[in-house]
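Report on the following structure.
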Amino acid sequence: MKISHNLDDIETLIEELKRLADEVGAITIFIGVVRGKRNDEKVLRLEYEAYEELASKVAEKIIEDAKTKYGIIDACIQHRIGTVKVGGDVMYVLVASKHRAEAFQALSEIVERIKQELPIWKKEVTEKGAYWVENI
Amino acid sequence: MARIRVKYFGKIRELLGVKIEEYDIEEGATLADLLLHYVPHRHKDKSEAWKEMIFRRVKGEMLVDRDEMPILKNYLILIDGKSSDLKQKLKDGDEIAILPPPGGG
């Protein structure tokens, strides 16, 4: 789990998950990217902030829940804070499991829970104004 | 008298223009007292916007529950990391975090 101004190299994260166990047979990956449009408005950038101490705890709980529910081997969550330009990577979620089915299911659930539960806030700055985005 | 620390995030931080501030509150003051009186009193020029942002209102009137407590919008308020209701009494050294709805991803 990492919340930082920079994400780690994704190839390195994949290799770290592969090295966890000989049983790893599937790794699913979600990459959140800054979209260039908000309805018809051109997006200039996104600005993120987090309650970092709490976000780490919540993310660890989400991963532990996914391990229990889906039997995955492990997962990794990384999220940017600060300013991210259009096209930039905002979030990585990687799930390692024995088989693909549980890796896909766990990945989807982890991403949804991150959006609903992680104490991270996003301001979308467009050519027409700035908006706080709420995932509800 | 008790000294507490309040942390603001997201649009609340932006509204008040501060990330962290301290308050000296009366013994026995509750979380509701903090949100309804202490914070608006210190940020007088933003007090209406503050109440509009965090409390549920209908036609300008604040909604209250059976105990006459105001009802929060989808905000989470933590005292020392634990979810708290508005009736909770604050004590010296408490750290209150006011969290708007998440927007990550």
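How many residues are crowded, with 17+ Cβ neighbours inside 10 Å and within 14 Å of chain A (Cβ to nearest Cβ) when one looks only at region B:85-105?
10
Is it true that some residue in region B:47-56 is without any contact (Cβ under 8 Å) to a residue 40 or more places away in the chain and within 12 Å of B:Leu86 (Cβ to Cβ)?
Looking for residues that are without any contact (Cβ under 8 Å) to a residue 40 or more places away in the chain and within 12 Å of B:Leu86 (Cβ to Cβ), one finds at least one in region B:47-56, hence yes.
Report whether or not A:Asp8 is in contact (Cβ under 8 Å) with a residue 60 or more places away in the chain and acidic (Asp, Glu).
yes
Do you know which of the residues in region B:76-93 that are in contact with a Leu (Cβ under 9 Å, 6 or more places away or on another chain) and either in contact (Cβ under 8 Å) with a residue 60 or more places away in the chain or part of a strand (DSSP E or B) (or both) is nearest to A:Arg45 (Cα to Cα)?
Here is the first cut: in region B:76-93, the ones in contact with a Leu (Cβ under 9 Å, 6 or more places away or on another chain) are B:76-79, B:81, B:83-90.
After this cut, where a residue has to be either in contact (Cβ under 8 Å) with a residue 60 or more places away in the chain or part of a strand (DSSP E or B) (or both) as well, the list is B:76-79, B:83, B:89-90.
Working: B:Leu76: 27, B:Ile77: 29, B:Leu78: 30, B:Ile79: 33, B:Ser83: 32, B:Lys89: 41, B:Leu90: 39 Å.
Looking at the filtered set, the residue picked out is B:Leu76.
Find the residue count for region B:63-75, including only residues that are within 14 Å of chain A (Cβ to nearest Cβ) and either farther than 25 Å from A:Ser56 by Cα or part of a strand (DSSP E or B) (or both).
The number of residues fulfilling the criteria is 1.
Would you mention how many residues in region B:1-15 are more than 14 Å from every other protein chain (Cβ to nearest Cβ) and not in a strand (DSSP E or B)?
Qualifying residue count, region B:1-15: 1.
List the strands (runs of 3 or more DSSP E) inside region A:22-136, counting only whole elements, that have at least 2 residues being more than 12 Å from chain B (Cβ to nearest Cβ). Give the derivation first.
Details: elements: A:26-33, A:41-50, A:74-80, A:82-85, A:89-97, A:120-126, A:130-133.
Those strands (runs of 3 or more DSSP E) span A:26-33, A:41-50, A:74-80, A:82-85, A:89-97, A:120-126.
Can you tell me which of B:Ile79, B:Ile20, B:Ile98, B:Ile25 is at pLDDT 95 or above and within 18 Å of A:Ile136 (Cβ to Cβ)?
It is B:Ile98.
Cβ-Cβ distance below 7 Å, separation of 6 or more or different chains: which pairs start in region A:33-48 with a residue that is more than 21 Å from A:Ser4 (Cβ to Cβ) and at pLDDT below 95 and end on one that is among the acidic types (Asp, Glu) and part of a strand (DSSP E or B)?
A:Arg38/A:Glu124
Output the residue which, of all residues in region B:33-61 that are under 22 Å from A:Glu134 (Cα atoms) and part of a strand (DSSP E or B), is farthest from the other protein chains (Cβ to nearest Cβ).
Among them, the one singled out is B:Val58.
The values are calculated or read from the model by the stated rules, or taken from the named source; none is laboratory data. Here the structure is a predicted model, which is why all the values come from computation and not from measurement. Don't worry about glycine lacking a Cβ; one is built from the backbone with ideal geometry, like all the others, and counts go over all protein chains shown.
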